[in-house]
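The block underneath contains the structure these notes are about, expressed in structure tokens.
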Amino acid sequence: MNEEDLKLSPDAFEPLTKDEREDSEKIAGPSLSFGQNVWIRFKQRKAAVISAIIIILMMVIAFGSTPFINNSTLVKSHPQYANLPPKIPGFGAINGLNGKLKQNGQWVDAYAQNNVPKDKYFIAGTDYLGRPLGQRIIYGTKISLIVALVAAFFDLTIGVLYGVISGWKGGGVDNVMQRIIEIISSVPNLIIAVLMLVVLKPGITSIIIAIAISSWTTMARQVRAETLSLKNEEYVLAARSLGESSSKIAWKHLIPNLSSIIIIQTMYTIPSAIFFEAFLSFIGIGISAPQTSLGVLLNEGQKNFQFLPYQMWIPAIVLCILMIAFNLLGDGLRDAFDPRGQR
């Protein structure tokens, strides 16, 4: 490198203009809202995204099949098709999915034994009355999702409202309301469901009433605890000093700041409600035959589990996928709303 290369022109030392200085000091990057940040963090959690897709697909299948699957088609028996294993076109080489059963150590074509037409097959097999197990699983998933939506509804109405009022009022009102929650929480859900049988017949109505009585208490406690801290924030005190009503403050300031807790807790309430319904139906005090749910299918399938395991395995897998998907979705939403909790 020679001396001429090291020489700099006088223009190289000219000061920056005011606009150039301001541009150089600006921080690059767009300004994102809270919702946009939550969405970006949520998309980074692949398990939560996949779980959300699975839940949406199961809801579409369960509720979209209502015109084709109803009570009349579910209870109608076909003895000539009883206990047929799953048969899926294109899976002829896979035993267990090609209409074959293992009998005395050998795989036997159950469809040929029952003289089933070649163009007729059942993707999930049939039960002991020849009813399509696939249709009954779809309908049972619909019942589980209805129970889940009902539990979410009571969480979002009774639980949120009760918690906000308790935390906002404080003092004696808060003490009385919390003692009521403690009394309700001390009674197990199973006992409430059994008591409903004294007044009502076994079915989805008694399950919904049992959920309505006690499922919202956890939501109420969490909302109340957060409301106690939020009501002392400066923006809430400013709104009160300006004379805004309590209902307006709750709607404008408290509920938006409680949204993360509300959404996350709702996602954890749903799988608990699904399991509660399945458990009650499994032990015979929930939905009972000839109606169906995933719990009823598990109860019927375990009777023939040794010889016809698919009758229990398939509804059990669907129930597990449904509960795991909601739990993973809840974990993803928790991390998206509260990045401080990330590991």
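Here are a few things to note about the model shown:
- Selection count, the stretch 120-135, where residues are in contact with a Leu (Cβ under 7 Å, 6 or more places away or on another chain), open to solvent by 10 Å² or more (accessible area, probe 1.4 Å) and closer than 15 Å to Leu101 by Cα: 2
- Residue selected from the stretch 292-307 under the condition modelled with pLDDT of 85 or more and hydrophobic (A, V, I, L, M, F, W, C), by the criterion nearest to Ile143 (Cα to Cα): Leu294
- Flag for Met312 being open to solvent by 30 Å² or more (accessible area, probe 1.4 Å), closer than 30 Å to Gly105 by Cβ and either in contact with a helix residue (DSSP H, G or I) (Cβ under 7 Å, 6 or more places away or on another chain) or not in a helix (DSSP H, G or I) (or both): yes
- Of all residues in the stretch 250-260, those satisfying the criterion of being in contact (Cβ under 8 Å) with a residue 24 or more places away in the chain and of a type in the set (A, V, I, L, M, F, W, C) are Ala250, Leu254, Ile255, Leu258.
- Residue count for the stretch 274-301 satisfying the condition of being open to solvent by less than 10 Å² (accessible area, probe 1.4 Å), under 20 Å from the mean Cα position of the chain (by Cα) and closer than 16 Å to Thr205 by Cα: 7.
- Of all positions in the stretch 330-339, at least one carries a residue that is touching a Ser or Thr at 6+ places or on another chain (Cβ under 6 Å) and surrounded by fewer than 23 Cβ atoms within 10 Å (Cβ to Cβ).
- Residues considered: Gly130, Gly167. Of these, the only one that is in contact (Cβ under 8 Å) with a residue 60 or more places away in the chain and either out of contact with any Gly (no Cβ under 7 Å at 6 or more places or on another chain) or outside any helix (DSSP H, G or I) (or both) is Gly167.
- Failed item, numbered, when Asn304 is tested on (1) over 25 Å from Ile207 (Cβ atoms); (2) open to solvent by less than 30 Å² (accessible area, probe 1.4 Å): (2)
- Qualifying position, being open to solvent by 20 Å² or more (accessible area, probe 1.4 Å), touching a residue at least 24 places away in the same chain (Cβ under 8 Å) and either of a type outside the set (Ser, Thr, Tyr) or part of a helix (DSSP H, G or I) (or both), among Ile143, Ile138: Ile138
- Each residue in the stretch 219-234 was checked for being out of contact with any Gly (no Cβ under 8 Å at 6 or more places or on another chain) and either in a loop (DSSP other than H, G, I, E, B) or among the acidic types (Asp, Glu) (or both), and 3 of them qualify.
- Counted residues, the stretch 315-329 - those being surrounded by 21 or more Cβ atoms within 10 Å (Cβ to Cβ) and under 30 Å from Trp107 (Cβ atoms): 2
For every residue, the table says whether it meets (1) touching a strand residue (DSSP E or B) at 6+ places or on another chain (Cβ under 6 Å); (2) of a type in the set (Asp, Glu); (3) open to solvent by 40 Å² or more (accessible area, probe 1.4 Å).
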| site | (1), (2), (3) |
| --- | --- |
| Ser214 | no, no, no |
| Ala220 | no, no, no |
| Glu233 | no, yes, yes |
| Arg240 | no, no, yes |
| Ser247 | no, no, yes |
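- Restricting attention to the stretch 178-189 and to residues that are open to solvent by less than 70 Å² (accessible area, probe 1.4 Å), in a helix (DSSP H, G or I) and without any contact (Cβ under 8 Å) to a residue 40 or more places away in the chain, the residue that is nearest to Ile213 (Cα to Cα) turns out to be Ile184.
The values are calculated or read from the model by the stated rules, or taken from the named source; none is laboratory data. No experiment lies behind these values; they were computed from the predicted model shown. So basically every Cβ, Gly included, is an ideal-geometry build from the backbone, and we count neighbours across all protein chains shown. Protein only, heavy atoms only, side chains kept; ligands, DNA and RNA dropped before computing areas. Shrake-Rupley method; radii C 1.70, N 1.55, O 1.52, S 1.80 Å.
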